[in-house]
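For reference, the structure discussed in these notes is given below.
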Amino acid sequence: MAFDALIILAIAILILLAVLPILLGAIIITLLVFAWPLLLALGIALLIGILAGAISFEASTTDGYSLRIHIKDPFLLAVIFIIVVVLFAITPLLLLPTHHPALHTTWR
């Protein structure tokens, strides 16, 4: 009885190991296809954070390649990210002309 349970568990783990890379790939592709504005906003927020001094870098190449990223001010970085995401969300609404047919509904 216990041996049967171990066989079933082993088969379930093998199936999970076979399916997991496919699922992870599907999740990554879905993020790249549908969430690219959010990823772009994150990149822009990180660049602004670097320029604002919220992130610092430390590199050393004596024994090899080493790069340390230090977040000095996480609150400032979060505020910058929220502002950039809000701007990304508002911009299409600002660019939408007021005479667009989607804004006019007819009630009959």
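No value in this document is a laboratory result; all are computed from the given coordinates. From a predicted model like this one, the values you see are computed outputs, not experimental measurements. Here Cβ is always computed from backbone atoms with ideal geometry, including for glycine, and neighbour counts include all displayed protein chains.
Worth a mention:
- According to the calculation over all Cα-Cα pairs in segment 1-73, the P(r) per 10 Å bin from zero is 15, 20, 22, 21, 14, 7, 0 %.
- If R0 is taken as 30 Å, the Cβ-Cβ distance between Val33 and Ala2 corresponds to a FRET efficiency of 0.10.
- Remark: segment 37-43, residue by residue, has Karplus-estimated 3J(HN,Hα) of x, 5, 5, 5, 5, 5, x Hz, where x stands for each Gly or Pro and the curve is 6.51 cos²θ - 1.76 cosθ + 1.60 at θ = phi - 60°.
- Note that segment 36-96, at 37 °C in a medium of 0.692 mPa s, gets a Stokes-Einstein diffusion coefficient of 253 µm²/s from its Kirkwood radius over C-alpha pairs.
- With 0.36 nm allotted per residue and the present C-alpha distance subtracted, the Val79-Ile44 stretch has 11.3 nm of extension available.
- Computed from the C-beta positions of Leu67 and Ala18 and an R0 of 25 Å, the FRET efficiency is 0.10 to the nearest 0.05.
- Per-residue ³J(HN,Hα) for segment 51-60, Karplus 6.51 cos²θ - 1.76 cosθ + 1.60, θ = phi - 60°, Hz, x for Gly and Pro: 5, 7, x, 7, 10, 10, 10, 9, 10, 9
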